[in-house]
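K.L.:
Input: one structure, supplied below.
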Amino acid sequence: MFTRKIKRDLMLAASVQFYQKLTGVVVVALMARNLPVETMGRFLFAVSVISFFALVSELGTTRYLIGRAAENPSGVLDDLAEVLTVRILIVVPLFLVLNSVAFILAPDYFSVSLLCSIYLFLQELYHPFAALFIGTRRVGYRAFTGMVGYTAMVAFVLLAIILNGSLETILVGYVFSNALLIALSVFVVRRRFGRVTLLRGRYLPVAKSVLADSFPFFLITVLSLLHFKLGALMLGALSSFEAVAAYEASNRLLEASRVLIRPVALVFVPVCTALALQGAWSKLRTTFHRIALIAAGLGVLLAAVVTGASDVIVTGLYGSEYAGTADVLSILFLSTPAVFLGSTALFLARSIHAERRALVLMAVSLPISLVLNLMLVPGWGAQGAAWATFGSQWILMFALMKLLAGELGRKTSVVSPQLPYGFGETDLPPRT
């Protein structure tokens, strides 16, 4: 069905996603068992606040660079340099502002804030390198650098705990592991692609050019987040905080389930981009149908498993107090086929430059979700919010799939003797 390289890339992408989540859980569990609850709370609060600003600072540049690397591999080093320059220009002032505010308002927590912001912003600066590896179909490099970095994080944290280190000592381990991640990525890029030189001057024109193309992806991320969080917001306004807890406990699992489809989307974005550049629209349509079948199959399978074991899942994860929310989990996971197909469609829209039209559809569907919540939440509480999410996700999915099907249906294939760079098994970009 797919080439050996695509199958291998899917395995690697899925493995690194799973390993990342696993090491994250292991590290937090180790810290929770060895740090006071109040100290752990300080850490998690700082991470939550700084992670939000780190997400904002990304501004869609990761998806932008994946697309650029797939479309223009010969200029991938220039694109990486531009994105890194823009990210640094945004991250450095944001870092200074956040830590200045922390120093003024909460000087006792300043050291935690400082170390958390260093490690999180270093983590953000790794994303452009990961995007280059994905866009040029070098998923093995993404897996190698990621797994080394995540393993180092576990090792540093474990060492700090064995030595009875404080939270600050543990966070120094976080910083070293992410610094190692970036150093290793720079080394791999230098050896396999060429030297990356940050821009000197022309900052404003470059920033405008990059952000003009990347900003739609950022808006898509924000709207996607709003789609998932609207139910909790409406429950807080129209129902009770108990209903919010009942809904969010299950909704977080639905959000986390997207990690299953993300490797499929990431691997096939450069493949579909290459086919679009080639003008091989017939093959792109076939590939699109196969990807949709995979996404739908995974969604149906997960929905069947979760709805059949919702009681066990809820009580096992959250305790007997949440036993009554199993219906909420079942309702939400009935939308997993739509969530998986919609997520895949949003990634593939970049391949045919349909991301702005996809953004419009997401913006239009948000008021529909709002209306559904207004209709269902007052009388049904958490279950009503779950049904509103179910309805809005299916509506959005059908709209996105119709958009892609329509765009691909209007294209006529052309014949070209050679696939573009990135579609072969062994080709590498030119060294500079």
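Rule-based calculations on the coordinates, nothing more; no lab input. From a predicted model like this one, the values you see are computed outputs, not experimental measurements. Every residue, glycine as well, gets a Cβ built from its backbone with ideal geometry; the counts of neighbours run over all protein chains shown.
K.L.:
Grab the other residues whose beta carbon is less than 12 angstrom from that of A249, score K and R as +1, D and E as -1, and report the net. Spell out each step's value before the answer.
P.N.:
On the way: positive: R252; negative: E242, E248, E255, E321.
Taking every other residue near A249 into account, the sum is -3.
K.L.:
When every alpha-carbon pair in segment 270-347 is counted, what percent end up more than 19 Å apart? It would help to have the intermediate numbers written out before the result.
P.N.:
Numbers: 1529 of 3003 pairs.
Percent of Cα pairs beyond 19 Å in segment 270-347: 51.
K.L.:
To the nearest 20 debye, what charge dipole does segment 225-343 have about its Cα centre, counting +1 at the Cβ of each Lys and Arg and -1 at the Cβ of each Asp and Glu? Provide the component values of the computation, followed by the final result.
P.N.:
Numbers: 7 positive and 6 negative charges, 160 e Å.
For this selection, approximately 780 debye.
K.L.:
Note down the magnitude of the dipole of segment 1-105 about its Cα centre, charges +1 on Lys and Arg C-beta and -1 on Asp and Glu C-beta and zero elsewhere, to the nearest 20 debye. It would help to have the intermediate numbers written out before the result.
P.N.:
Numbers: 10 positive and 7 negative charges, 106 e Å.
So the dipole magnitude of segment 1-105 works out to roughly 500 debye.
K.L.:
What length, rounded to one decimal in nm, is gained on full extension from L233 through to A405, with 0.36 nm per residue of separation minus their alpha-carbon distance?
P.N.:
This chain segment gains 58.6 nm when fully extended.
K.L.:
Taking the chain, how many lysine pairs are there with alpha carbons less than 22 Å apart, if each pair must be eight or more places apart or span two chains? Don't jump to the answer; show the numbers that get you there.
P.N.:
Values: K5/K283; K7/K21; K7/K283; K21/K229; K283/K402; K283/K411; K402/K411.
Pairs that pass both the separation and distance tests number 7.
K.L.:
Follow-up. Kindly state, to the nearest 0.05, the FRET efficiency for S51 paired with M147, given R0 = 25 Å and r defined as their beta-carbon distance. Mind showing how you got there, number by number?
P.N.:
Working: r = 22 Å, r/R0 = 0.87.
It comes out at approximately 0.70.
K.L.:
Let me ask something else about it. Apply 1/(1 + (r/R0)^6) to the Cβ-Cβ distance of V259 and N164, taking R0 = 41 Å, and write down the FRET efficiency to the nearest 0.05.
P.N.:
On the way: r = 34 Å, r/R0 = 0.83.
So, using R0 = 41 Å, E works out to roughly 0.75.
K.L.:
Order of H227, H289, H127 from fewest to most other C-beta atoms within 10 Å?
P.N.:
Working: H227 19, H289 11, H127 16.
Ranked by crowding around the Cβ, least crowded first: H289, H127, H227.
K.L.:
With label points built 7 Å along Cα→Cβ from the Cα atoms of R191 and R356, find their separation and express it in nm.
P.N.:
Placing both labels 7 Å beyond Cα along the Cβ direction yields 4.2 nm.
K.L.:
Please tell me the relative contact order of segment 256-329 in percent, rounded to the nearest whole number, where contacts are Cα pairs under 8 Å and at least six residues apart.
P.N.:
On the way: 25 pairs, mean separation 14.5, N = 74.
Once normalised by length, the contact order is 20 percent.
K.L.:
Next question. Pop a pseudo-label 7 angstrom from the Cα along the beta-carbon direction at both Y109 and L30 and give the gap in nm to one decimal.
P.N.:
Placing both labels 7 Å along Cα→Cβ, they lie 2.5 nm apart.
K.L.:
While we're on this one: Under a point spin-label approximation (7 Å from Cα along Cα-to-Cβ), what is the A304-I6 distance to one decimal in nm?
P.N.:
2.4
K.L.:
If a helix is a whole DSSP H run, which ones in the chain reach 30 Å or further along their own axis (Cα) and hold a mean Kyte-Doolittle hydropathy of at least 1.0?
P.N.:
Values: long enough: 4-34 (45 Å, 0.39); 37-58 (31 Å, 1.39); 76-105 (43 Å, 2.03); 110-135 (38 Å, 1.39); 139-162 (34 Å, 1.68); 167-192 (38 Å, 1.30); 203-238 (46 Å, 1.46); 281-308 (40 Å, 1.12); 355-409 (43 Å, 1.04).
The answer, listed by residue number, is 37-58, 76-105, 110-135, 139-162, 167-192, 203-238, 281-308, 355-409.
K.L.:
Normalised by the residues of the chain, what does the relative contact order come to in percent, with Cα pairs under 8 Å and at least six apart? Could the numbers behind the result be given before it?
P.N.:
Details: 545 pairs, mean separation 88.5, N = 432.
Rounded, it is 20 percent for the chain.
K.L.:
Can you find, among V157, Q17, T287, the residue farthest towards the positive end of the dipole of the chain? Put +1 on the C-beta of Lys and Arg, -1 on that of Asp and Glu.
P.N.:
Most positive-ward Cα: T287.
K.L.:
Which value, in debye to the nearest 20, gives the size of the charge dipole of segment 123-260 about its Cα centre, when Lys and Arg are +1 and Asp and Glu are -1 at the Cβ?
P.N.:
Numbers: 13 positive and 6 negative charges, 203 e Å.
Approximately 980 debye in magnitude.
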